[in-house]
1. Considering only residues of region B:122-160 that are of a type in the set (Ser, Thr, Tyr) and at pLDDT 85 or above, which is surrounded by the most Cβ atoms within 10 Å (Cβ to Cβ)?
2. Tell me which helices (runs of 4 or more DSSP H) are completely within region A:1-96 and hold 2 or more residues being surrounded by 17 or more Cβ atoms within 10 Å (Cβ to Cβ) and either within 14 Å of chain B (Cβ to nearest Cβ) or at pLDDT 90 or above (or both), or say none if there are none.
3. Of everything in region A:210-258 that's in contact with a strand residue (DSSP E or B) (Cβ under 8 Å, 6 or more places away or on another chain) and surrounded by fewer than 24 Cβ atoms within 10 Å (Cβ to Cβ), which residue is farthest from residue A:195 (Cα to Cα)?
4. Could you please find all residues in region A:383-416 being of a type in the set (D, E, K, R) and either outside any helix (DSSP H, G or I) or over 16 Å from residue A:74 (Cβ atoms) (or both)?
5. Could you run through region B:7-33 and say how many residues are more than 9 Å from chain A (Cβ to nearest Cβ) and in contact with a Gly (Cβ under 8 Å, 6 or more places away or on another chain)?
6. Could you tell me how many of the residues in region A:304-323 are more than 17 Å from residue A:266 (Cβ to Cβ) and touching a residue at least 40 places away in the same chain (Cβ under 8 Å)?
7. Would you confirm whether or not region B:102-112 contains a residue that is out of contact with any strand residue (DSSP E or B) (no Cβ under 8 Å at 6 or more places or on another chain) and not in a helix (DSSP H, G or I)?
8. Being under 23 Å from residue A:187 (Cα atoms) and surrounded by fewer than 20 Cβ atoms within 10 Å (Cβ to Cβ) is the requirement here; does residue B:53 meet it?
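The values are calculated or read from the model by the stated rules, or taken from the named source; none is laboratory data. All values derive from a computational prediction rather than experimental measurement. For neighbour counting, all protein chains shown are included, and Cβ atoms are generated from backbone atoms with ideal geometry for every residue, glycine included.
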Amino acid sequence: MDEQYKITVNAQETPVIEPGYTFGTVTEKISAIVLTRPASNGWFVGFGLAFMLTMMMLYAIGYLFVKGIGIWGVTIPIGWGFAIVNFVWWIGIGHAGTLISAILLLLRQSWRNSINRFAEAMTLFAVACAGIFPAIHVGRPWLAYWLFPYPSTMGVWPQFRSPLIWDVFAVSTYATISALFWFIGLIPDLATLRDRAAHPATRMIYGMLSMGWRGSARHWHRYETAYLLLAGLATPLVLSVHTVVSFDFAVGIVPGWHTTIFPPYFVAGAIYSGFAMVLMLAIPIRKIYGLEDFITERHLQNSAKVMLATGLIVAYGYGIEAFMGWYSGDRYDAFTLWNRLHGPYAVPYWSLLACNIFIPQVLWIRKLRTSPVALFFISGVILVGMWLERFIIVVVSLSRDFLTSSWGMYYPTRWDWMTYIGTIGMFLAAMFLFVRLLPMISIFEMRTLLPEAEVKE
Amino acid sequence: MKRDPIYGILAEFDSPTALVEAARKTHQAGYKRIDAYSPFPIEGLAEEIGFHRDEVPLVVLIGGIVGGLTGYLMQYWMSAVDYPLNIGGKPPHSWPAFIVITFEMTILFAGISAVFGMLALNGLPMPYHPVFNVPRFALASKDRFFLMVFSNDKKYHPAETREFLESLAPRSISEVPS
């Protein structure tokens, strides 16, 4: 018997793959979703809805380009409205994909193998959604390339002492590395699809994408080295990205932003919301495509445990913010706390505490951790909570700073909502295409988990 | 130069264990120009066919160093040499503020080197390869394991090599036309 099975049986846990699969059946099962399974009506309806939302987003952005950001609710003092809230929210969601693919790989958590592929896809699409917001928020989006250091006729360069330019580098590096990581993970599976495709055109497309991968032992060796090194590089990268995003706030002197707890608490919050999104995607996908044998109760449980742990770190972050509001003796910090609890945005703040701290505590109950339906809803609550957290940080801090004469309120307009909901549509549309066009579970990594993959001496 | 019409001889096995053992025996028998194909990475297989030097880590290291230097020197040159600007009284060369981008550029260059270095060292992309001419080789990406002895190996002999591979009890043997 395979080591892994022994361990899981001893611990009386659900295994990572249900027993009884072989190299052939694992390959068949995952590749058939792409190659032979016809697209169902449900897929067309789902994709159609998501596509319509994407069109709505393009409409809202098109109108924004015509009219300018005056169509949004942003004004002075709240110059950072939905755009920045959504940017931080989407980037955070992406982080779970990199955590699963890189950090859990380094920690030799073999359960990651069945969820890393679509979690990485989720990362890519989330980063794509995130990237839209700062670009369209700059006011003159056709000049967004000014963010990059290029030799301009003005002779001037970006201001490298600003966290905003750090963010440009962090996010574009993150997007590039995530795409590369995802792509090299796909190469061997694209070769499998090439060899199994019936139609010559399909074979041609997958063949070109697979770069002529033939599974040579030399190639595998370099491949594994590159993959491991990339994981090692992506690990500090993912931690740095949300740290840099938090610098956008923490380096500013606005009360409610200027705090050193931000980097760790942003990273934990990112992973928290990311795992919630992973579960919200994995639970319906495993049901619809019959993948319960590959994405087992164990995966759901482990993801729930990660959410529980990161959720507590986030709660600690809120606690420290509140504590520092009192302990610093700074009247503006103290007022920020009072304002959150009792000010005009008290309802979002209390909802945030409920969504991110109180409700997720039910995950201590084993029965709920293993119930897909319960997890689906708790994950939804967490995603709402994490969105509210960014809303509180961005909007509430700016709405009431040092001078009462410069206080203000923020009211999102329909264009804000259309853009935000539109990006959710774009994200879902991309996921719908992904599950039909590419293997959503890494086939070759699943093979390595099977008992027969072990080399017996 | 006249090319050998045969590219090599390909033996098919059922399990990773059989492939590793066959690879070891073939290498020990004196065949040096051999290759093994499997649907997933098998630990130690590359060593059995005589592959010991993996240059990917070196490529990544060089990429990382180049990236870090590029990141830092770019910021230094732009902020302190080419167009110094006084921002909040900070010195033009404010190195602590340059660390973040230096770090990101290190990761970016190292990551790109890892992926493209791996592909280049593997000689990919290579959409055509003689081994694809064997119809059964399509199973190499599913559940079969293959061992190839190339015809340009010094010890290669059409009949003897075939006989030797047959002694390893493969599931099938095919000649790969070049």
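1. Result: B:141.
2. A:23-35, A:41-67
3. Per the stated criteria, the residue is A:218.
4. If the condition is that a residue be of a type in the set (D, E, K, R) and either outside any helix (DSSP H, G or I) or over 16 Å from residue A:74 (Cβ atoms) (or both), then A:389, A:400, A:401 are the ones that fit.
5. Residues that pass the stated criteria total 2.
6. Within region A:304-323, residues that are more than 17 Å from residue A:266 (Cβ to Cβ) and touching a residue at least 40 places away in the same chain (Cβ under 8 Å) number 3.
7. No: zero hits.
8. yes
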